[in-house]
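**Student:** Structure below; questions to follow.
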Amino acid sequence: MNLSDSRFHRRAGLSGLYFIQGMPQGLIYFALLDWLASVGFSISDIAVVMSLASLPWTFKILIGPFVDTIKLSKMGKRKPWIFFSLLSSSLIFIISSNYISTELSPLAIGLNLFAVILFTSILDVATDGLAIDTLNQDERGISNGLMWASRTVGVSSAAVFASFTINEIGLKETFLFFGFLNFFFSLLSLIMKENKDDQLLSLKLTEKIEFSYYKETFLNLYNKSKMPIFILLMGFCLLSNIAFGMHYVSISNLFITSNNWDNSNLTEIRSIGLYAGAGAAIIGGYLSDKFNPYRIIVVSQVMIALVFLLIAIFENNISNFYIGSLFIIIISVLGSCLMSASLSLCMSLSMTAVAASQFALLMSIRHFSRIIGEWSAGLLDYNDVSLSNLYFIMFLVSFLPIIIIYRMKNFTHKT
C-alpha cells in the first residue's frame with residue numbers, strides 16, 4: 001500500500017496503524033484494570049499500576065526528535081520506527097508473560113506494563129508524524145476522527161478478548177497471545193510504503209547518523225514553542241486530562257467494589273461504550289472541520305463535567321445495570337468527541353519542520369496531565385476520600401481547560 005497514491009490509502013493505512021496501537025491499551029487500561037479491581041486492588045494500588053503504565057507516554061517529547069531526525073532508511077521516514085516498535089513490543093509481551101501473576105505487587109506489574117507502553121508510545125509518535133507528513137490540510141479533521149475511531153475499535157475489541165482470556169486461561173497466556181499478535185502486525189507493516197520509491201524492507205542506513213541533528217531539532221522545537229499561542233496550547237494540554245486520569249483509576253472500584261459488578265461485565269460495557277465513542281470521534285472530527293475545534297472542545301468538556309457531577313450525586317444508583325451502563329457509554333462518547341477535536345487542534349498548530357516533535361510534546365503533556373489525575377485520585381483514596389467526593393472534584397477540575405480554550409480562541413481572533 002502506497003500512502004501517497006490516494007486519500008483512501010492514506011486514511012486506510014493510518015487507521016490501520018491506530019487500530020494496532022489501540023490493542024495493547026485495551027488489554028492494559030480496560031481488561032487488566034477491571035481484573036485487578038476484582039482481585040482486591042484498591043484505587044491507590046491501581047493508581048500505582050496505571051501511572052507507571054502511563055509514564056512512557058510522557059517520553060514522547062524525547063522520542064519525537066529521534067523520529068524527526070533519524071530517517072535514513074530506504075524503507076522511508078517513519079516506517080522503520082513503526083516496524084521496530086511493533087517488533088520490540090511483541091518481545092516485551094512475551095518476556096513479561098513469565099513475570100505476570102496474581103502474586104505480583106502493584107509496583108512489579110506497573111514496571112512490566114511500563115516496558116510494553118514504552119514501545120507502544122514509539123509507534124504512536126511515528127504514526128502521528130506519518131499522519132502530519134501525508135495528510136492534506138482539508139482532510140485532517142475527518143482523518144483524525146477515522147484514526148481515533150480505529151484506535152477505539154482496537155482498544156474495545158482487545159479489551160473484550162483479553163477479559164475473556166484472562167478469566168478463562170490466565171494472564172500469562174493472554175500476554176503471550178498479544179506478543180505473537182504484535183509480531184504478526186510488525187510483519188504486516190512491511191507492506192506499507194510512504195512513497196512509491198521506498199523499499200518494502202531494508203536494514204541498511206542511507207547515510208551516517210549525525211546526532212547533532214537531534215540537538216538542532218530540540219533547538220528548533222524550543223524556538224517554535226515560545227510562540228504565545230503554543231504556550232497556551234501547552235497549558236490546555238496540561239489541564240485537559242486531569243479529570244479523566246482521576247476517572248480512569250476510579251471507574252473499576254466504582255462499579256466492581258462499590259456496586260458489585262462482575263469485572264467481565266464491566267469490561268464488556270466499557271467496550272460497547274468505546275464502539276459508540278468510535279462514531280463520536282468521526283463526528284467530532286467532522287464538526288472540527290466544519291466549525292472549529294474550540295467550540296467542540298468547550299461543549300464536550302462542559303457535558304463531561306455534568307456527567308461527573310451526576311455520578312457524584314447518584315453514586316449508589318450505579319448498581320443498576322442500565323443506569324451504570326448509560327453513564328459509561330455517555331462518558332466514552334463525550335471523551336472520544338473531545339479527543340478528536342483536541343487532536344485536530346494540536347495537529348493544526350504543529351505545522352513546522354519539527355511537526356512530529358511539536359505534536360509529541362503536546363501529547364506528552366496530555367499524558368502527564370493524566371498521570372497527575374491518576375496520582376491525585378490515588379492520594380485522595382489513600383486519605384479515605386469517598387468516591388462521590390472524588391467525582392465531585394472531577395466535576396470541578398473539568399472546567400479548568402475551558403478557561404485556557406477561551407483565552408486561545410480570543411488570542412487567535414486578535415492575531
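**Student:** For Ile323, put the label point 7 Å out on the Cα→Cβ axis and report which residues of segment 238-274 keep their amide N under 14 Å from it.
**Tutor:** Counting backbone N atoms under 14 Å from the label point, the list is 255, 259-260.
**Student:** With each label point set 7 Å from Cα along the Cα-Cβ vector, what nm distance links Leu309 and Ser386?
**Tutor:** 1.9 nm
**Student:** Counting alpha carbon pairs within less than 8 Å and at least 6 residues apart, what relative contact order, in whole percent, applies to segment 233-355?
**Tutor:** 37 percent
**Student:** Something else about it: Roughly how many nanometres apart are two label points built 7 Å out from the Cα toward the Cβ at Leu379 and Ile95?
**Tutor:** 3.3 nm
**Student:** Do the alpha carbons of any pairs in Lys79/Lys226; Lys79/Lys215; Lys60/Lys215; Lys77/Lys224; Lys60/Lys224; Lys77/Lys172 sit beyond 25 Å of each other, and which pairs?
**Tutor:** As for pairs spanning more than 25 Å Cα to Cα, those are Lys79/Lys226; Lys77/Lys172.
**Student:** On a full-extension model of 0.36 nm per residue, what is the gain between Ile231 and Leu187, subtracting their alpha-carbon distance, rounded to one decimal in nm?
**Tutor:** 11.9 nm
**Student:** Now, a different point. Rounded, prolate or oblate, given the Cα gyration tensor of segment 7-414, with a/c below 1.5 counting as rounded?
**Tutor:** oblate
**Student:** Measuring from label point to label point, each 7 Å out along Cα→Cβ, what is the Leu62 to Asn260 span in nm?
**Tutor:** Spacing of the two 7 Å Cα→Cβ label points: 4.8 nm.
No value in this document is a laboratory result; all are computed from the given coordinates. Note that the structure is predicted; figures quoted are calculated from it, not measured. For neighbour counting, all protein chains shown are included, and Cβ atoms are generated from backbone atoms with ideal geometry for every residue, glycine included.
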